[in-house]
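Visitor: This structure is in structure tokens; I'll ask about it shortly.
The values are calculated or read from the model by the stated rules, or taken from the named source; none is laboratory data. Keep in mind that this is a model prediction, so the values were computed, not measured. Cβ atoms come from the backbone with ideal geometry, glycine included; neighbour counts cover every protein chain shown. When the accessible area is computed, the model is the full protein with side chains, heavy atoms only, and any ligands, DNA or RNA have been set aside. Shrake-Rupley method; radii C 1.70, N 1.55, O 1.52, S 1.80 Å.
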Amino acid sequence: MGMGFTAPIYFLFSAFLLLVILMYFFRKQYDKKAIPSVLLWQEWMNEFEAQAWWRKLQHHLLLYLQLLALLFLIFTLTQPFFEKEGIEGDHLIFIVDTSASMTALEGEKSRLELAKEKMVQTLDKGDDQEMTIIVAKETPEILLERSQSQKEIVKLVEDLGPTYASANLMDSINLAKSLLGEENGNIQLLTDNFSKKTSLELHKNTTFFAHNIGESHLNLAIETFGITMRENKVVGVVTVKNEGDVSADFDLSIYNDGEEVLQQVTEKVEGNKVKTIYLEELPPATMYRAVVSGDKQYKLDNEQFAFLGQQQDPTVYVHKDIHPFARKAVEIASTNVIHLSSNSTEENNFDGVHLIKGVARSDWPSGPKLVFLSGEDGEDEVELTGDVSANMADPLTQSVEMENVYVEKAFTSKELSSLDVVASRGETPLILSGIYEGDPIIVVTFELGSSDWPLHAGFPLFMFHSIQELTQNKGMLGYFYPGQTMDYFPASDVRKAEILNEDNEVVFAYNTFEQPIELPHTPGLYTLRETKDQKEKSRTFTIMLEDTEKSIQTEESFTISAESSVDQEKETTTSKNISYLFLILALVVLLVEWEVYRRGISN
């Protein structure tokens, strides 16, 4: 830091100081007069000689004040300034990478935290420049544009957090270039892996700084994880990548949705290589989690989820005594239908959807089922009165038109009274749905043979909806990336939808569904819980890292000037003009001089 002068030639005006002093020599002289005595004058001269030196100076105070005011005015003309370390440009634009790799640790702090500290340090070097902050999302977001409030900017920087999605750096840079236009500007990119080889076309007034935060570390990442059914066995495959230059040992653990360890292996992967691990005969589960241990800096890519899901059309077991029209409708709804000739206990344990009729409740098979009540299973039969009505918000009744169905008699059961009523005639339920003894169930309370429903075009649709509804309760929503949105079209009776994390904490809640719902940013396992009038329904999904975020390798930082296209290694300084300070001092001195002159006249 140092002081300088923009126009030192104006120091030549210092000659006016001598001119003012010279003018004092030609002041008006005293007139000669004859007086009767000099005794009083002699007494005054003795007092004057006895005065302190600084009091004697008061007699020439006007001269000193005039010289000082003139000196300050000369300094103002020379335009003095202070040089300090700073940032060039009238407009400073920060581009911040908030992707998952920026959460990698560098010592005790993450790269994003170090980037925020770098931004604050740069702000301290600024000199009332306009500042803009851009977050490099898939669609770049301007958080603040052309602000000169350092307090506001620092607060915004401190509140920045990771978004985990891949950063769209090039679009962010292009946005910054369009904001700068032709003005003298400065782009500060804070990321961890922006290559100097990237082609950039910058305006001649633009300087570009790429701050690649952090260093390259050993990193083990799960590149792929998949689970499938093969010959009625659950098998899987995991690929683990080592980004380090040396080989590394790691532990691979496979968990189910109950957090039980299903399989654990210890493997070794060579530097910059990929290791493939095959998983054989895993126990059945709806969800599997693979976890790799072996590195410390970056753990987001050490975990991945896989859903077994429904690999094909669900197997539908049609038990005996099912109405022929229902059998035909099921064959249309599913390609994997098995007709059973008996109701043995062994057949009841088959994994799939069961269509049953005339079976005692104690013999009902486990798993999802569509039950047709009859007098054979001991239910009470009642005569029906009133009109047929249906809950049109229920997926089972979509395009089914139950209002046109003729039903004369139905069966009632107190044990099934807790299920939701999908359709009814008068006060008597015709179709029920819900959970019974832990399994999804749909109950038709009347005999198909005593109704014209099988002749309606909506009956096969009902059978199709039933198969989908019974299997969907076990299904998953699937895989998503951080920050994605999901088109969500709930039934009309859904009052609220909530997204819960693995700790069962609500992270998002929605009461209106006109727009796609926003999904969480943090990778992990989540649950979408729908709340209806009297029941809840939950489905699981996972937020997973994009492949580009499974690397924490870095590049060297660099600076590019559009004019020279070479690195600018020299420390940047800025100049702060302080001529206004000398002008203010000159005015103050003039006011003091006027007051001294006024008092001198009055005395």
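Visitor: Are any of the residues in the stretch 419-437 among the aliphatic types (A, V, I, L, M), farther than 19 Å from residue 329 by Cβ and not in a strand (DSSP E or B)?
Guide: The answer is yes; a qualifying residue exists.
Visitor: Restricting attention to the stretch 139-155, does a residue exist that is surrounded by fewer than 16 Cβ atoms within 10 Å (Cβ to Cβ), under 30 Å from residue 295 (Cα atoms) and not polar (S, T, N, Q)?
Guide: No, the stretch 139-155 contains no residue that is surrounded by fewer than 16 Cβ atoms within 10 Å (Cβ to Cβ), under 30 Å from residue 295 (Cα atoms) and not polar (S, T, N, Q).
Visitor: Of all the residues that make up the stretch 164-202, how many are out of contact with any strand residue (DSSP E or B) (no Cβ under 7 Å at 6 or more places or on another chain), assigned to a loop (DSSP other than H, G, I, E, B) and either open to solvent by 60 Å² or more (accessible area, probe 1.4 Å) or of a type in the set (Val, Ile, Thr) (or both)?
Guide: Final tally of qualifying residues: 6.
Visitor: Report, ordered by the first and then the second residue, all pairs with beta carbons closer than 7 Å, sequence separation of six or more or different chains, a first member in the stretch 458-482 that is under 30 Å from residue 521 (Cα atoms), and a second member that is basic (Lys, Arg) and at pLDDT 80 or above.
Guide: What qualifies is 475/539; 476/539; 477/539.
Visitor: Within the stretch 267-315, how many residues turn out to be in a strand (DSSP E or B), of a type outside the set (A, V, I, L, M), under 18 Å from residue 235 (Cα atoms) and free of Cβ contacts under 8 Å to residues at least 60 places away in the same chain?
Guide: Residues that pass the stated criteria total 5.
Visitor: Please work out if residue 123 is assigned to a strand (DSSP E or B), aliphatic (A, V, I, L, M) and open to solvent by less than 60 Å² (accessible area, probe 1.4 Å).
Guide: no
Visitor: Please go through the stretch 346-361 and give me each residue that is out of contact with any Pro (no Cβ under 9 Å at 6 or more places or on another chain) and at pLDDT below 80, ordered by number. Don't jump to the end; show me each part of the working.
Guide: So the first thing to find is which residues in the stretch 346-361 are out of contact with any Pro (no Cβ under 9 Å at 6 or more places or on another chain), and the list is 346, 355, 357-358, 360-361.
Of everything in the stretch 346-361, just one residue is out of contact with any Pro (no Cβ under 9 Å at 6 or more places or on another chain) and at pLDDT below 80, namely 346.
Visitor: Among the residues of the stretch 389-423, how many are open to solvent by 20 Å² or more (accessible area, probe 1.4 Å) and either more than 19 Å from residue 463 (Cα to Cα) or not aliphatic (A, V, I, L, M) (or both)?
Guide: The total comes to 18.
Visitor: Exactly one of these conditions fails for residue 454: (1) of a type outside the set (A, V, I, L, M, F, W, C); (2) at pLDDT 85 or above; (3) over 12 Å from residue 329 (Cα atoms). Give me its number.
Guide: Here residue 454 meets the rest and fails (3).
Visitor: Now for a different question. Of everything in the stretch 545-570 that's in a helix (DSSP H, G or I) and not hydroxyl-bearing (Ser, Thr, Tyr), which residue is modelled with the highest pLDDT?
Guide: Here the residue is 549.
Visitor: Let me ask another. Mind telling me which of the residues 542, 522, 573 ends up being under 29 Å from residue 106 (Cβ atoms), open to solvent by 50 Å² or more (accessible area, probe 1.4 Å), among the β-branched types (Val, Ile, Thr) and modelled with pLDDT of 90 or more?
Guide: Details: 542 fails: open to solvent by 50 Å² or more (accessible area, probe 1.4 Å); 573 fails: modelled with pLDDT of 90 or more.
None of the others qualify; the one that does is 522.
Visitor: Still on this model: Filter the stretch 525-537 down to the residues that are among the acidic types (Asp, Glu) and part of a strand (DSSP E or B), then identify the one that is modelled with the lowest pLDDT.
Guide: 536
Visitor: For the stretch 247-266, what are the residues that are of a type in the set (A, V, I, L, M), within 25 Å of residue 230 (Cα to Cα) and either buried (at least 18 other Cβ atoms within 10 Å of the Cβ) or in contact (Cβ under 8 Å) with a residue 12 or more places away in the chain (or both)?
Guide: Hits for the stretch 247-266 are 252, 254, 262, 265.
Visitor: If we keep just the residues of the stretch 505-519 that are open to solvent by 50 Å² or more (accessible area, probe 1.4 Å) and not in a strand (DSSP E or B), which is nearest to residue 303 (Cα to Cα)?
Guide: 505
Visitor: Inside the stretch 91-116, can you point out the residues that are open to solvent by less than 70 Å² (accessible area, probe 1.4 Å) and part of a helix (DSSP H, G or I)?
Guide: 100, 101, 102, 103, 111, 112, 114, 115, 116 - these are the residues of the stretch 91-116 that are open to solvent by less than 70 Å² (accessible area, probe 1.4 Å) and part of a helix (DSSP H, G or I).
Visitor: Also, I was wondering about something else. Please specify each residue of the stretch 126-152 satisfying the condition of being under 16 Å from the mean Cα position of the chain (by Cα) and in a loop (DSSP other than H, G, I, E, B).
Guide: Answer for the stretch 126-152, where residues must be under 16 Å from the mean Cα position of the chain (by Cα) and in a loop (DSSP other than H, G, I, E, B): 136, 137, 138, 139, 140.
Visitor: Can you name the residue in the stretch 203-220 that is buried (at least 23 other Cβ atoms within 10 Å of the Cβ) and in contact with a Phe, Trp or Tyr (Cβ under 7 Å, 6 or more places away or on another chain) and, of all such residues, is nearest to residue 132 (Cα to Cα)?
Guide: Of everything passing the filter in the stretch 203-220, 210 is nearest to residue 132 (Cα to Cα).
Visitor: Let me ask something else about it. Can you say whether residue 230 is within 25 Å of the chain's Cα centre (by Cα) and among the basic types (Lys, Arg), as far as the supplied structure shows?
Guide: When the stated conditions are applied, residue 230 does not pass them.
Visitor: Select from the stretch 298-330 the residues that are under 30 Å from residue 99 (Cα atoms) and either open to solvent by 60 Å² or more (accessible area, probe 1.4 Å) or of a type in the set (Lys, Arg) (or both) and list them in ascending order.
Guide: Hits for the stretch 298-330 are 299, 303.
Visitor: Hey, any hits in the stretch 75-90 for a residue that's in a helix (DSSP H, G or I), open to solvent by less than 60 Å² (accessible area, probe 1.4 Å) and modelled with pLDDT of 75 or more?
Guide: Yes: one or more hits.
Visitor: While we're looking at this one, here's another question. Residue 223 versus (1) over 22 Å from residue 558 (Cα atoms); (2) over 20 Å from the mean Cα position of the chain (by Cα); (3) open to solvent by less than 60 Å² (accessible area, probe 1.4 Å); (4) modelled with pLDDT of 90 or more: which is the lone unmet condition?
Guide: The number of the failed condition is (3).
Visitor: Another question, then. Confirm whether residue 125 is modelled with pLDDT under 90 and touching a strand residue (DSSP E or B) at 6+ places or on another chain (Cβ under 9 Å).
Guide: The answer is yes for residue 125.
Visitor: Moving on. Please state which of the following conditions residue 469 fails to meet, knowing it meets all the rest: (1) open to solvent by less than 50 Å² (accessible area, probe 1.4 Å); (2) assigned to a loop (DSSP other than H, G, I, E, B); (3) among the charged types (D, E, K, R).
Guide: Every listed condition holds for residue 469 apart from (2).
Visitor: Out of the stretch 365-377, which residues are more than 43 Å from the chain's Cα centre (by Cα) and open to solvent by 60 Å² or more (accessible area, probe 1.4 Å)?
Guide: The one that is more than 43 Å from the chain's Cα centre (by Cα) and open to solvent by 60 Å² or more (accessible area, probe 1.4 Å): 376.
Visitor: May I ask you to list the residues in the stretch 378-401 that are in a loop (DSSP other than H, G, I, E, B) and within 56 Å of the chain's Cα centre (by Cα)?
Guide: Matches in the stretch 378-401: 379, 386, 387, 391, 392, 393, 394, 398, 399, 400, 401.
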